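Remarks on the structure that follows.
Nothing in this text is a laboratory measurement; each read-out follows from the coordinates by a stated rule. All of these numbers come straight from a predicted model, not from anything done at the bench. Positions of Cβ are generated from backbone atoms using ideal geometry, with glycine treated the same way; all protein chains shown enter the neighbour counts.
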């Protein structure tokens, strides 16, 4: 009958619908969501369309990091991903190298992303890149060099010469000594090549010098440097005669400008000190002496 056929079709439809929903529920409850992201790691498994029950995902450390401990995989179990126990740490580049007459400053560290800075010893200068970076493959660049600082040739002076002219290049710490062949040497006799590539002072000069005049201090006398000829650098020492005191320095030197330095002292007469004496007179009263015949009664 038409009525019975309609009911049968409805029953078949309902049964099919229930079976489909049941299969869908079973399918959904057996899947996991997208795998989680973790710091310092990357997913190496190509992710499938569906993350079904029992699926395993593999991770690895990011570039510049190495595995320290833990497992590299997680698994879909009961619709949840297991916890990733992988621990990654920055890789070490080790020593950035040795520098002759210098060193690397590694206070920042020697791990991935750190920098090492080249430092030369005093009197040496850096040649090359002074910074090395710790990368995933190790330290980049090459080890620089530290070369000794050089100074230009020492200058010549008029009426003078260098007594120890070096053979070849003048380098840090080398000293140059001058002397005059005529006149007197004014300035520093010795120049030193510094860490900055220059000399410690300007070169000296040789100057004509006729000497200083013979001098005397009034009411004084010479105790040293009696002369009579006084050349550059000679000195005279003075003292005052009895009854006089010295005002100024007792020693003067023949200077560059043919004058005595500092100024000559003077001898000043000692002024006698006047002392005032005060005499104090003390009077003592003496009782009168009794005359003969006077009788004193005592009660």
Self-check item: region 29-90: C-alpha pair distances exceeding 19 Å, %
Solution: 29 percent
Quiz item: Can you give the extra length, in nm with one decimal, that the chain gains between residue 43 and residue 117 once fully stretched, where that is 0.36 nm per residue apart less the Cα-Cα distance?
Solution: 23.1 nm
Exercise. Could you work out, for region 54-145, what percent of all Cα-Cα pairs fall into each 5 Å distance bin, beginning at 0 Å and stopping at the bin that holds the largest distance?
Key: 3, 14, 17, 14, 11, 9, 8, 7, 6, 5, 3, 2, 1, 0, 0
Quiz item: Just how far, in whole angstrom, is region 163-194 from region 61-136 if you go by their alpha carbon centroids?
Solution: 50 Å
Exercise. Quick one: order 67, 165 by neighbouring beta-carbon count within 10 Å, fewest to most.
Key: 165, 67
Practice problem: Based on other C-beta atoms within 10 Å, arrange 99, 74, 63, 143 from fewest to most. | Solution: 63, 143, 99, 74
Quiz item: What FRET efficiency comes out for the pair residue 142/residue 85, r = Cβ-Cβ distance, R0 = 41 Å, nearest 0.05?
Solution: 0.55
Quiz item: log₁₀ I(q)/I(0) of region 122-211 at q = 0.15, 0.17, 0.21 Å⁻¹, via Debye over equal Cα point scatterers, no solvent, to two decimals?
Solution: -0.65, -0.75, -0.95
Quiz item: Going by how many other Cβ atoms sit within 10 Å of their own, how do 42, 184, 176 line up, fewest first?
Solution: 42, 184, 176
